[in-house]
Amino acid sequence: MGAIEDELVEIRRICAEYSPDNIYNCDETGIYLKELSSKSYTFRGDKAGGKPIREARVSLLMCVNASGSSVRKAETMSALRP
């Protein structure tokens, strides 16, 4: 067996010592939000009135146990400087 298979056997052995209600998996995902258009269209010779592009980054942390009996409320976080 290779190194990965050996580790999977060890992980299964450790997990077998616990109830599925006590084994949790948490995962984080990020969403990067940005104003759709950064361009303005004007007639030739007219001055374009620009505006800053608004952007934000939101991260979600989600957790569930192995039996599916406990799904934790998703935690939302936002970045100070996206």
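Quick notes on this one:
- Near pairs, Cβ below 9 angstrom, 6+ apart or cross-chain, from the range 3-26 (over 12 Å from residue 67 (Cα atoms)) to any residue that is among the charged types (D, E, K, R) and at pLDDT below 95: 26/72
- One residue stands out in the range 21-42 among those that are of a type in the set (A, V, I, L, M) and modelled with pLDDT under 85: the one that is farthest from residue 62 (Cα to Cα), namely 36.
- Condition check for residue 57: at pLDDT below 90, of a type in the set (D, E, K, R), surrounded by 10 or more Cβ atoms within 10 Å (Cβ to Cβ) and touching a Gly at 6+ places or on another chain (Cβ under 7 Å): yes
The values are calculated or read from the model by the stated rules, or taken from the named source; none is laboratory data. Because the structure is a prediction, the values reported are computed rather than measured. Because the Cβ atoms are built from the backbone with ideal geometry, glycine has one as well, and the counts that use them run over all protein chains shown.
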